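> I'd like to ask you about the structure that follows.
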Amino acid sequence: MRALLVCPEFPLSFWSFRKAVRFRGNKTTNPPLGLLTVAALLPLEWELRLADLNARKLTEDDWQWADLILISAMYIQRAGLLALVREAKHRGKTVVVEGPHPTSLPGAALEAGSDFVVRGEGENTIPLLLEAMRDGKTGVIENDERPDLTTSPIPRFDLLRLSDYDTMTIQTSRGCPFDCEFCDVVNLFGRKPRYKTPQQVIAELESLYRLGARGAVFFCDDNFIGSKPHARALLQELTPWLKSRGGPFGFLTQASVNLGQDLEMIHLLTKANLRKVFIGIESPDDQVLKTSRKHQNIKNPLVESLNNLKNNGVAVMGSFIIGLDGETKGAGERICAFIDQTDIPVAMLGVLQAAPFSSLWNRLEREGRLRGDVGDDGGTFAALNYEPDRPEAEIMQEYVDAWDYLYEPSRYLARAYRYYLAMQPAHRPPRSAPGPPLPGGRVPPPGISWRSQLKEAQAFGKILWSIGVRPSYRRQFWTQLIGMLRQNPSRFIDYVVTCAMGEDLYHLRQEVRDKVAAIIKALAREAPAAESRGRAAAQ
């Protein structure tokens, strides 16, 4: 069997960072870890080929080569998923789809022509798929049980062209102990977190290391500190392994805000070179957090927690949502004021989307507030897929105004400068040391290779040209760059990388302005029509 594993293209969103990754010569941010894990679960005798459409296009040779097309997709990839299914069936291929979108909304993929829709996690659904294929059956393959992650194999990282990706991806756990109303993690992966052993995680890192990967690795757990004992055990194993390899990787992850109240854990993170976390802050308004069941953000003082992370060497990327129930007018301004207070440079600001079968989805459905094609998550530019509890045009205007404010270039650069200037100086990376021999007696080069260093130097040159020569804010950039070198040189690279990310965010600011303006215009056209329908019904 020759199986073509396809990741549909992601539409432009907050997470695209297309300009920033190209500074380093990469094509996209992260590899499709779900497909790589599925690949490791398929029979050894199968021939496999990966086609990540975020890094390259499908070719006629790919189509001709494949017997089976296996597609994995998130909600935001829905349009690409369905187009691929239709094209594959037009070509007479057997089609399997899996991932968060088919798991929650299998009907769309079945209607498009998929032979198999796999719902659930691969470790205990792929064996069922293979059995169904042997028996000549088609349809929905599902298993509601949560698999033991100690059985999860090392993903097939060897299928990747490593140079295509800015950041490698590893998962150490699934699930989250919290139950935020708008989040679908509990629906997809459960509220009781499950874990790989530290030895499994080290084995995956060793696999990447031996393939030649270096640089950033994203621990894409739903909540890295869902179990603090697990996180500590992993970090305590990770630190000596990094030292033995000369510190080839730096890490980032997702965590809840209570991390900011655990200085011991923060110390373990920085010691293991994990120095960036994505945190769901969502709103500075306690009542909104209470309504959304984001109780951990009320129990733990937000500003203090975020400052603890910054002051102790862990940078924060924050998530904020406009449109949550219980929100009052001026929410966008309050979010901007909070970001100014904490100086968080990179903040993902989105309008609320009711994720399929989340607690929010279920409540809105009971209340009759879900809209139309509720499975079509448009990402950064989406219109609301529910009836809000305050004027929709007001929400959308606050959204675009907040983007306009936060990502005005001079304001963004100033915020990034203040943030990294105040951060604790970074620890020195571990000294280089050779690892154990590779197959064939070869010895892996310790630490970061000269090729990687050359690549970083080239990226730095591109950033200087793009930010320091061409734009109107170049003088501010140079002034702050020199200030960072003088006052906190250990954070110089972090600051420059954050400046480079701004090039994407400035572009997104304009996209948000244009797309949301169209949504607001459509709402203005719809309002008189809705009033007319209401008067007619009353008569």
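Since every read-out is calculated from the coordinates, none of them should be taken as a lab result. Remember, predicted model here, so these are calculated numbers, not experimental data. All Cβ positions, glycine included, derive from the backbone under ideal geometry; neighbour counts span all protein chains shown.
> Test each condition in (1) over 27 Å from Ala3 (Cα atoms); (2) in contact with a helix residue (DSSP H, G or I) (Cβ under 9 Å, 6 or more places away or on another chain); (3) surrounded by 16 or more Cβ atoms within 10 Å (Cβ to Cβ) for Asp179 and report the one that comes out false.
(3)
> Same structure again: Identify, from the list Glu408, Glu398, Glu367, the residue that is among the charged types (D, E, K, R) and within 19 Å of Lys521 (Cα to Cα). If you could, list the steps in order and put the result at the bottom.
Details: Glu408 fails: within 19 Å of Lys521 (Cα to Cα); Glu367 fails: within 19 Å of Lys521 (Cα to Cα).
Being among the charged types (D, E, K, R) and within 19 Å of Lys521 (Cα to Cα) holds for just one of Glu408, Glu398, Glu367, which is Glu398.
> Further, regarding this structure: Looking at (1) buried (at least 16 other Cβ atoms within 10 Å of the Cβ); (2) under 29 Å from Asn26 (Cα atoms), find the lone condition where Ala132 falls short.
(2) is the only condition that Ala132 fails.
> Residues in the range 307-320: is at least one within 27 Å of Val516 (Cα to Cα) and either among the polar types (S, T, N, Q) or part of a helix (DSSP H, G or I) (or both)?
yes
> Next question, about the same structure. How many residues does the range 183-209 contain that are charged (D, E, K, R) and surrounded by 17 or more Cβ atoms within 10 Å (Cβ to Cβ)? Walk me through how you get there before you give the answer.
Going through the range 183-209, the residues charged (D, E, K, R) turn out to be 184, 191-192, 194, 196, 204, 206.
Narrowing further to those that are surrounded by 17 or more Cβ atoms within 10 Å (Cβ to Cβ): 184, 194, 196, 204.
Going through the range 183-209 one residue at a time, the tally reaches 4.
> Considering only the range 338-348, state which residues are part of a strand (DSSP E or B) and surrounded by fewer than 22 Cβ atoms within 10 Å (Cβ to Cβ).
Met348
> Please give the number of the condition Phe251 fails out of (1) within 21 Å of the chain's Cα centre (by Cα); (2) closer than 30 Å to Leu360 by Cα; (3) not β-branched (Val, Ile, Thr).
(2)
> Among the residues of the range 228-287 satisfying the criterion of being in contact with a helix residue (DSSP H, G or I) (Cβ under 8 Å, 6 or more places away or on another chain), acidic (Asp, Glu) and in a helix (DSSP H, G or I), which is nearest to Val314 (Cα to Cα)?
Glu237
> Related question: Could you tell me whether the range 232-252 includes any residue that is basic (Lys, Arg) and without any contact (Cβ under 8 Å) to a residue 40 or more places away in the chain?
yes
> Would you please name the residue that is nearest to Tyr506 (Cα to Cα), looking only at residues in the range 454-473 that are touching a residue at least 40 places away in the same chain (Cβ under 8 Å) and assigned to a helix (DSSP H, G or I)?
Ser466
> So in the range 214-256, with the set limited to residues that are basic (Lys, Arg) and surrounded by fewer than 18 Cβ atoms within 10 Å (Cβ to Cβ), which one is farthest from Ala203 (Cα to Cα)? Give the steps one after another, and end with the answer.
The first filter runs over the range 214-256 and keeps only residues basic (Lys, Arg), leaving 214, 228, 232, 243, 245.
Still in the running and surrounded by fewer than 18 Cβ atoms within 10 Å (Cβ to Cβ): 228, 232, 243.
Details: Lys228: 21, Arg232: 17, Lys243: 15 Å.
Residue satisfying both the conditions and the ranking: Lys228.
> With the condition kept exactly as written, say whether any residue in the range 182-192 is free of Cβ contacts under 8 Å to residues at least 24 places away in the same chain and assigned to a loop (DSSP other than H, G, I, E, B). Before you say what the answer is, go through the steps one by one.
Taking the range 182-192 and keeping what is free of Cβ contacts under 8 Å to residues at least 24 places away in the same chain, we get 191.
From what is left, the residues that are assigned to a loop (DSSP other than H, G, I, E, B) are 191.
The answer is yes, given that some residue of the range 182-192 is free of Cβ contacts under 8 Å to residues at least 24 places away in the same chain and assigned to a loop (DSSP other than H, G, I, E, B).
> For the range 215-226, check the following and say yes or no: at least one residue is in contact with a Gly (Cβ under 8 Å, 6 or more places away or on another chain), closer than 30 Å to Gln453 by Cβ and touching a residue at least 60 places away in the same chain (Cβ under 8 Å).
Yes, some residue in the range 215-226 is in contact with a Gly (Cβ under 8 Å, 6 or more places away or on another chain), closer than 30 Å to Gln453 by Cβ and touching a residue at least 60 places away in the same chain (Cβ under 8 Å).
> Can you pull out every residue in the range 18-52 that is part of a strand (DSSP E or B) and farther than 16 Å from Asp158 by Cα?
Of everything in the range 18-52, just one residue is part of a strand (DSSP E or B) and farther than 16 Å from Asp158 by Cα, namely Thr28.
> Tally up the residues in the range 1-17 that are farther than 25 Å from Ile463 by Cβ and part of a loop (DSSP other than H, G, I, E, B), please.
Residues in the range 1-17 being farther than 25 Å from Ile463 by Cβ and part of a loop (DSSP other than H, G, I, E, B): 4 in total.
> Here is a further query. Tell me yes or no: at least one residue of the range 283-306 is buried (at least 20 other Cβ atoms within 10 Å of the Cβ) and among the acidic types (Asp, Glu).
There is no residue in the range 283-306 that is buried (at least 20 other Cβ atoms within 10 Å of the Cβ) and among the acidic types (Asp, Glu).
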